[in-house]
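Structure, as C-alpha cells:
The values are calculated or read from the model by the stated rules, or taken from the named source; none is laboratory data. Note that this is a predicted model, so its numbers are computed, not measured. Because the Cβ atoms are built from the backbone with ideal geometry, glycine has one as well, and the counts that use them run over all protein chains shown. Note: areas computed on protein heavy atoms with side chains; ligands, DNA, RNA excluded. Shrake-Rupley method; radii C 1.70, N 1.55, O 1.52, S 1.80 Å.
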Amino acid sequence: MKTKVMVIFGGVYSSLGKGIVASSIARILTELGNKVSMMKFDPYLNVDPGTLSPLQHGEVFVTQDGGETDLDLGSYERFLGRKITKLSTITSGRIYKEIIEKERAGGYNGKTVQVIPHVTDQIKSKIMNIIKAETPDFLIIEVGGTVGDIESIPFVEALGQFRGEYGRDDVLFILCSPLIKVVTSGELKTKPTQHAVKTIGNMGVMPAMLVLRSDVAIDKNTVEKIGMLSHISVENIFKSLNLPSVYYLPTELYKQNMHKAIYKYFGLELKQSQNINKWNRYVHKIKNIKQKIKIAMVGKYNDLHDSYYSLVESLKLASWEFSRNINIAWINSEELEKPNASMKKVFRGCHGILVPGGFGSRGIEGKLQAIKYARENKIPYLGICYGMQTATIEFGRNVLGLKNANTTEINPDAEFKLFDYIDGRMRLGEQQCVITDKNSLAYKLYKSDMVGERHRHRWEFNNQFIPIFEKAGFKFTAFSNDKERTVEMAEIPDHPFFFGVQFHPEFNSWPGRPDPVFTGFVGSAIKHEKHKL
C-alpha cells in the first residue's frame with residue numbers, strides 16, 4: 001500500500017494539544033495493525049531545541065540516534081510504543097542551515113535561492129526521506145505553531161505542493177481548533193474556528209477533517225453549524241474534550257469512529273476483526289485507580305512543568321503498574337537554599353524524592369540539601385543525570401569530608417573535581433551500559449548485565465575517586481561499554497533505595513512498559529509509605 005499521509009495543523013492559538021491528537025490517531029491506527037510513522041515540523045529558527053531553555057519550550061527529548069527534539073516526539077514514542085529517529089523532526093533552522101551550506105558550496109549552480117522552490121523542495125524531500133526509509137502504512141505529520149503564523153508559511157506551502165505531487169487522495173489535512181466559551185453568557189463561539197479554516201484555505205490547504213478542542217461538552221447544533229460554515233461533513237468533525245489523562249483520548253476518538261472516517265477518506269477497507277480492545281483495557285485499568293503515592297520533584301525549571309514532561313509521564317506509567325496514581329510535590333530547589341528552609345516541613349508526606357537533570361549552578365545547593373535529607377532519613381531517592389552527579393557530590397562533601405568537592409561545570413577550580421568535562425564531547429543518544437555487580441540494585445532492576453539507555457550530558461565522574469567512595473559504602477555498579485569506562489549507575493546498598501543514573505531513563509518509558517528505574521523507585525516509595533504508616 002502506498003503510504004497515506006495525514007497532516008495536523010493548529011488554529012487560533014498554540015498549546016492546543018495537537019501532539020496528543022496526532023499521537024492518539026497514531027495509537028488507534030497502530031492498534032488496528034498498521035505501521036505508523038510520525039514527524040514534527042517546528043517553524044522556529046533554532047536548528048534544534050538543544051540550546052533552548054526548558055522554561056522556553058519544555059523538555060528536550062532525545063531520540064535513540066542522538067537527536068535533540070521537541071517534547072512532542074516523546075509523546076509519539078509513548079503512544080506508538082516504539083523508538084523513532086532524527087528523521088521524525090525538522091525545524092526551519094535546520095532547513096535553512098542545510099540550504100545555506102549547500103549554496104555556499106556552490107550546490108545551486110549560481111541560481112537565485114528562494115523560498116519557492118528551494119525551501120519548499122527541501123521540506124518535501126524530508127517527507128519522502130522518512131517514507132522511503134521506514135515504508136509506513138501511515139505517516140502523520142504535526143505542524144507546530146498556529147495557522148497564519150508567518151514562520152509556518154513555508155511549511156504550509158510545501159505541504160500544499162506535496163499533496164498535489166504525491167496524490168490528492170493520499171494526503172489528508174486535519175485542523176485542530178478550539179471552541180472558546182464566553183464566560184458571561186456560557187456560549188461556545190465558533191467564529192475563531194471558522195476563521196482558522198478560512199485562513200488555511202486561503203493558503204491553499206483545505207482541511208477535510210476538524211478536531212474541536214473544548215473544556216466543555218459540544219452540542220450537535222454547534223457541530224452542524226461549524227460543518228456548514230466550514231464546508232466539512234459533520235461525520236468528519238471530532239471532539240477532543242479535556243480529559244483526566246491524555247491516554248484516554250485514543251479511546252474517545254475511536255468511539256467517535258475517527259478510524260472509520262480516515263479509512264473511508266483513503267478508500268481503505270476496515271476489517272471487522274480490527275479493534276483497539278488492548279488499549280481500551282489499559283485505559284479501563286488506569287481509570288479505576290484510586291490510591292495515590294506522593295513524590296517530591298526537586299528541580300529548578302518548575303515554573304513550566306513541561307520542562308520535565310517525560311519524567312512526569314514515566315512516574316505515572318510506573319505508578320499505574322502498582323495501581324497507584326502519582327501526586328507530585330513540585331519543589332523549587334532554590335527555595336531550599338533559604339536560611340529558614342525546613343527539610344522536614346518541605347518533604348512532609350512525601351514517599352520518595354527525585355532530583356532530575358539540568359545544567360548550570362542555579363539551585364544546586366538546594367538539590368544537595370534535598371539529597372542529604374533523603375540519604376540520612378532513608379527516604380527513597382532517585383537522581384537522574386545531574387541528580388546522580390549532585391548525589392555523588394553530596395556524599396563526597398558530607399560523608400567523605402571532601403568539603404570543596406564539586407563538578408567543574410560549577411567550579412572549574414574545585415579542589416576535588418568529582419565531575420569533569422573529560423573530553424569535550426556531548427554524549428547524546430542511546431548507548432550501552434555494562435552492569436558490573438550482579439548483587440547490585442542496578443542488576444535487580446534491569447535483570448541484565450547490558451543495558452541500552454539514552455544520554456544527554458557533558459560532565460563525567462572522575463574515576464580516580466572510585467576507591468574512596470566504594471570504601472565508604474557508595475557503589476558504582478555500571479559503566480559505559482567503551483574504553484572510557486564512564487560511570488553510568490551509582491547506589492548506596494545500605495539504604496532502602498538510593499539510586500543515581502547518568503542517563504535519562506524517562507525517554508524509554510511507554511504505557512505498559514515503564515523503564516525499570518521508575519518501577520523500582522515507585523515500588524520502593526510505596527514500601528516507604530507503608531513503613532511510615
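Miscellaneous remarks
- Per-pair calculated FRET efficiency, R0 = 41 Å: S185 and T135 via Cβ, rounded to 0.05: 0.20
- Leading residue at positive end of dipole, the stretch 224-288 (Cβ point charges), from M228, I276, Y263: I276
- R0 of 51 Å, Cβ-Cβ distance K255-E365: FRET efficiency to nearest 0.05: 0.50
- Take the Cβ atoms of M426 and E224, set R0 to 45 Å, and the FRET efficiency comes out at 0.25.
- Toward the positive end of the charge dipole of the chain, with +1 on the Cβ of Lys and Arg and -1 on the Cβ of Asp and Glu, the farthest Cα among I466, F419, Y443 is that of Y443.
- Spin-label proximity, K285 to the stretch 318-353 - amide N less than 17 Å from point 7 Å beyond Cα toward beta carbon: 318-326
- Counted residue by residue at 0.36 nm each, then reduced by the alpha carbon distance between them, the extension gain from R168 to N411 reaches 81.6 nm.
- Full extension of the chain between L52 and N481 gives 151.4 nm of extra length, using 0.36 nm per residue less the Cα-Cα distance.
- Kirkwood analysis of the Cα pair distances in the stretch 1-101 returns a hydrodynamic radius of 14.5 Å.
- Taking the longest Cα principal axis of the chain as reference, the axis of helix 386-398 is set at about 10 degrees.
- Dipole orientation for the chain: of the candidates Y108, S37, M128, S37 has the Cα lying most toward the positive pole (charges on Cβ; Lys, Arg +1; Asp, Glu -1).
- Taking label points 7 Å from Cα along the Cα-to-Cβ direction, M450 and K292 give a separation of 4.4 nm.
- The stretch 158-261 has equivalent-ellipsoid semi-axes of 25, 18, 12 Å, by the square roots of 5 times the alpha carbon gyration tensor eigenvalues, sorted largest first.
- Cα-projected label distance for L241 with D149, points at 7 Å along beta-carbon direction, nm: 2.9
- Taking the alpha carbon gyration tensor of the stretch 208-332, multiplying each eigenvalue by 5 and rooting it gives semi-axes of 35, 20, 13 Å, largest first.
- Mean residue ellipticity at 222 nm, helices only, the chain: -10500 deg cm²/dmol; runs of at least 4 DSSP H residues each add -39,500 (n - 2.57), and the sum is divided by the number of residues.
- For the stretch 89-195, chymotrypsin sites (Phe, Trp or Tyr not before Pro) meeting the loop criterion (DSSP other than H, G, I, E, B) and having at most 16 other Cβ atoms within 10 Å: Y108.
- Above-threshold pairs, the threshold being 20 Å between Cα atoms, out of K292/K367; K344/K475; K4/K260: K292/K367; K344/K475
- Of the trypsin sites (Lys or Arg not before Pro) found in the stretch 315-392, the ones in coil according to DSSP and having at most 11 other Cβ atoms within 10 Å of their Cβ are R348.
- On Cα atoms only, tilt of 191-202 relative to the major axis of the chain in degrees: 70
- Prolate/oblate/rounded call for the stretch 399-463, Cα gyration tensor, a/c under 1.5 rounded: oblate
- Principal-axis tilt of helix 277-287 within the chain, Cα atoms, nearest 10 degrees: 50
- In the list [x] 21, 49, 27, 3; [y] 21, 53, 25, 1; [z] 21, 58, 21, 0, the label attached to P(r) over Cα pairs in 20 Å bins from 0, in percent as derived from the coordinates here is [x].
- Placing unit charges on the Cβ atoms only, positive for Lys and Arg and negative for Asp and Glu, gives the chain a dipole magnitude near 1620 debye about its Cα centre.
- Looking at the stretch 457-533, the trypsin sites (Lys or Arg not before Pro) that sit in a DSSP loop and have at most 11 other Cβ atoms within 10 Å of their own Cβ are K483.
- Using a simple spin-label model with pseudo-atoms 7 Å out from Cα toward Cβ, S233 and N332 lie 5.3 nm apart.
- Over all pairs of different C-alpha atoms, the stretch 261-409 has a mean inverse distance whose reciprocal, the Kirkwood radius, equals 17.8 Å.
- Of all accessible heavy-atom area on the chain, the percent that carbon and sulfur account for (1.4 Å): 49
- Accessible area in square angstrom per residue, the stretch 136-224, 1.4 angstrom probe: 41
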